[in-house]
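The values are calculated or read from the model by the stated rules, or taken from the named source; none is laboratory data. All values reported here derive from a predicted model rather than from experimental measurement. Every residue, glycine among them, receives a Cβ derived from its backbone with ideal geometry; neighbour counts consider all protein chains shown. In case anyone asks, the SASA skips ligands and DNA or RNA and just uses the protein heavy atoms, side chains included. Shrake-Rupley method; radii C 1.70, N 1.55, O 1.52, S 1.80 Å.
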Amino acid sequence: MLSIKGLHASVDGKEILRGIDLEIGAGEVHAVMGPNGSGKSTLSNVLTGHPAYKVTAGSVTFQGKDLLALSPEERAREGVFLSFQYPVEIPGVSTAYFLKEALNAVRVHRGLPRMDAFDFLKLARERLKVVGMKEELLHRNLNQGFSGGEKKRNEIFQMAMLEPTLGLLDETDSGLDIDALKAVADGVNALRTEGRSLIVITHYQRLLDYIVPDFTHVLMKGQVVMSGGKELALELEDRGYAWVEEQVNA
Amino acid sequence: MSGLAWTRVVPQDALSAARAQALATFDAVGFPTRKDEDWKYTSVKPILDAELAPQGDAPGEVFFSGLADTPYRLIFVDGHLVDEALPEGVRLVPLGEEPRLGALAPAEASAFVALNTASFVGGVGIVVRRNATVTEPLVVVSALSDGETAQSVPLRLMVVVEDGAELTLVEQHPAGGAGLLNLVTEVFVGENAQLRHLKVVEGDEAFHVAHIAASVARVGRYLLHSLALSGALTRTSIRVELVGEGAEADLSGLFLGRDDDRLDHTLHITHDAPRTRSNQRFKGILDGQAQGVFTGMVQMKPGATGADAQQKNPNLLLSQGAVVHTRPQLLIDHDDISASHGATVGQLDEAALFYARQRGIDADAAQRMLTRAFALDVLETLPEGSLRDLATAQVESWMETP
């Protein structure tokens, strides 16, 4: 479903990704782990088309399409969703208004009719339950004054509404206490379906106790240096990134 | 000088002496130049170059809409009152007999005030009777016609809200005319009285130079919302004197400019009495080659113990060519006050734009969404209902105009 080949990318003229190769099949959950500065967040920014990141070599094919040729909004409409590490606050725009605009942009692209306010609210109430989010937050300005946990729940709630084919979860566990982490993980697990693939980007193994991956990859200095199953994440937790470095250099 | 014949018109009436004096004041000071602090960033040259005719004897033809739901109104066309319907508790007084004329806006205030005083005909005083609470807004429309010769139209208003009374005044300046409207409004807010004043200038090729001078008595409230929506030259100067203990001025506004628009808000607030409060919240959004000016001066007099003044002027520039000059100024004669101000100039938040696009919203729609949110935030100071809806519709209509 997603095929990344020899991907190089830079930001502000500095090369961060130095030849990434990854194959993600339909319905698979891949964990991408790595120390700070290894290029984890750059990978999600490049896949979603952040204008500050320049792809200098390589290709990304998503469901047979050249993903890198598409604008950020086109990628989103094609079904690529990013749960942001730092969700943005937007004063003056309610969560409901924002998400209804987004949902209708996606629906129109998929050949579905626009959803009116009534049907939107009905669907939203149903999906709020997936992440245990309060309805009151729908009517507040997007992410403004939300706690860290509320922001992350709101990301997963948006994923539940937009029903992407590929979900990228960028450090979704950062800043969460264990209860919030469990709630967010429950939400993510409820969204695991046969056709939906997930890339779970995380520094720590903790999140992977709750969102159990099919595959684990270790990113270092902009390359995938090690791949394995879910046990690799546990081994990393035990032995640390220094161990990977030794293995790679050996 | 023939193009400036409109500056030499002095009607012969009960006010002749005051008019002659005002004209002498104008002759002594002349039109403001960029050396005048109050006009540092706004040139009056386009007005002087415009070859305006003096005000005509009769109103021209105008077309505007949006008054169907307005039971109470005063409609001026080219400075002539053509329609009036007043609510209970409100009466009109002729200005020729009004001793307070010029008390807040003396000819010395500016060249335009001097010329207005020298030449206005047919302005009115709007008086709200003591303790009268007028629930329906009184709408004052001032339209300029778009005839063969563009005129200079001086219009003079006075609003007196007597002790304990309450009024909502909606002042509308519809687009579509030509020439200059030189408007002077003197506002007296009595003890424990309230005036809510929504002023909307739908800009066009016409010049709009307005001078509002208000005085607020003990625990009175003056709530002004000023919207400048484009305009070749829209200048709104606002002077408020908080003369009674506990008097309040809450002033907010939006200036939205594109193309070659010139929009200027210049405010002077004087705290004369203890525990007076003022709040200024003005936002600018400028696109194209537009230029915006915000000058907000607050003066704290020695008697203003425990006074509080807040001021904010965030601005959004949507193009490389757009400019905003923002000048917060605070003059304090003593320490026992609290005050804060904040002025910012920025572009749309790139992170917010990307966030919206990542959700499938296209770049243009995301930009419109964020710009709209930035603007409408100011209107939240208006009470929910018809007034806020009117202002929101005006702003949205500006945004939807390409």
### Lys/Arg +1, Asp/Glu -1 at C-beta; the stretch B:5-348 dipole; positive extreme among B:MET300, B:ALA228, B:LEU74
B:MET300
### Query
According to a simple spin-label model (label point 7 Å from Cα along Cα-to-Cβ), what is the distance in nm between B:LEU48 and B:THR70?
3.5
### Query
What does the charge dipole of the protein assembly as shown about its Cα centre add up to, to the nearest 20 debye, if the Cβ of each Lys and Arg holds +1 and the Cβ of each Asp and Glu holds -1?
760
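Considering only protein heavy atoms and a 1.4 Å probe, what is the carbon-and-sulfur percentage of the accessible area of chain B? List each step's numbers first, then the result.
On the way: 7670 of 15950 Å².
On chain B, the fraction of accessible area on carbon and sulfur atoms equals 48 percent.
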### Message
Straight-line reach only, C-alpha to C-alpha below 27 angstrom: list the lysines that A:LYS134 could link to, leaving out same-chain residues fewer than 8 apart.
### Response
A:LYS100, A:LYS122, A:LYS151, A:LYS152, A:LYS182
## Note on the structure
Partner shielding of A:86-94, taken as the mean number of other chain Cβ atoms within 10 Å, equals 6
## Note on the structure
For the pair A:TYR210 and A:ASP179, the simple spin-label estimate (label points 7 Å beyond Cα toward Cβ) gives in nm 1.2
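Rounded to the nearest whole Å², what accessible area per residue is found for the protein assembly as shown with the 1.4 Å probe?
Working: 26650 Å² over 652 residues.
Value for the protein assembly as shown: 41 Å² per residue.
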## Note on the structure
With all protein chains present, the stretch A:123-219 has a carbon and sulfur share of its accessible area (1.4 Å probe) in percent of 48
### Amide H partners (placed H, <5 Å) of A:ALA57, local residues excluded
A:HIS8
### Query
Taking a 1.4 Å probe, which of A:TYR97, A:TYR53, A:TYR204 shows the most accessible area, and what order do the others take after it?
A:TYR204, A:TYR97, A:TYR53
### Query
Which value in deg cm²/dmol, rounded to the nearest 500, describes the helix-derived mean residue ellipticity at 222 nm for chain B, given -39,500 (n - 2.57) per DSSP H run of n ≥ 4 and division by the residue count?
-5000 deg cm²/dmol
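Order these peptides, A:98-106, A:84-92, by their mean beta-carbon neighbour count within 10 angstrom, highest first.
Details: A:98-106: 21.9, A:84-92: 18.9.
Packing proxy ranking, top to bottom: A:98-106, A:84-92.
Just how large is the dipole of chain B about the Cα centre, in debye to the nearest 20, putting +1 at every Lys and Arg Cβ and -1 at every Asp and Glu Cβ?
Numbers: 32 positive and 53 negative charges, 155 e Å.
Computed charge dipole of chain B: roughly 740 debye.
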#### Entry: 9 Å beta-carbon shell around B:ALA214, net charge (K/R +1, D/E -1)
-1
#### Entry: 21 Å Cα-Cα reach of B:LYS45 towards lysines, excluding residues that sit fewer than 8 places from it in its own chain
B:LYS35
### Task
Using only the Cα atoms of chain B, build the gyration tensor, take square roots of its eigenvalues as a ≥ b ≥ c, and label the shape rounded, prolate or oblate: rounded if a/c is under 1.5, else prolate if a/b is larger than b/c, else oblate.
rounded
### Query
Tell me which lysines have Cα within less than 18 Å of A:LYS5's Cα, excluding those fewer than 8 residues away on the same chain?
A:LYS40, A:LYS54, A:LYS65, A:LYS221
### Query
Taking Cα centroids, how far is the stretch A:137-205 from the stretch B:248-305 in Å?
43
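Where both residues lie in chain B, what percent of DSSP beta bridges are antiparallel, nearest 5?
Values: 10 of 140 bridges.
Once the DSSP bridges in chain B are tallied, antiparallel ones form about 5 percent.
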### Task
Round to a whole angstrom and tell me the spacing of the C-alpha centers of the stretch B:144-217 and the stretch B:75-93.
13
### Task
Pull out the extension gain between A:ALA190 and A:TRP243, defined as 0.36 nm times the separation in residues minus the alpha carbon to alpha carbon distance; nm, one decimal.
15.7 nm
### Selection from B:ALA249, B:LEU183, B:LEU155 lying farthest towards where the dipole of the stretch B:5-348 points positive, charges on Cβ
B:ALA249
### Query
Using a simple spin-label model with points 7 Å from Cα along the Cα→Cβ vector, what separation in nm is obtained for A:LYS221 and B:LEU330?
5.4
#### Entry: Among B:PRO11, B:GLN347, B:VAL113 the positive-end extreme of the charge dipole of the protein assembly as shown (Cβ point charges)
B:GLN347
### Task
Evaluate the Debye formula for the stretch B:136-292 with equal point scatterers sitting on the alpha carbons, no solvent, and hand back log10 of I(q)/I(0) at q = 0.08, 0.14 Å⁻¹, in q order, two decimals.
-0.23, -0.68
## Note on the structure
Of the convex hull enclosing the alpha-carbon atoms of chain A, the direction-averaged projected area in nm² is 13.3
### Message
For a bin width of 10 Å, list the pair-distance distribution of the stretch A:18-103 built from all Cα-Cα distances, rounded to whole %.
### Response
13, 44, 33, 11, 0
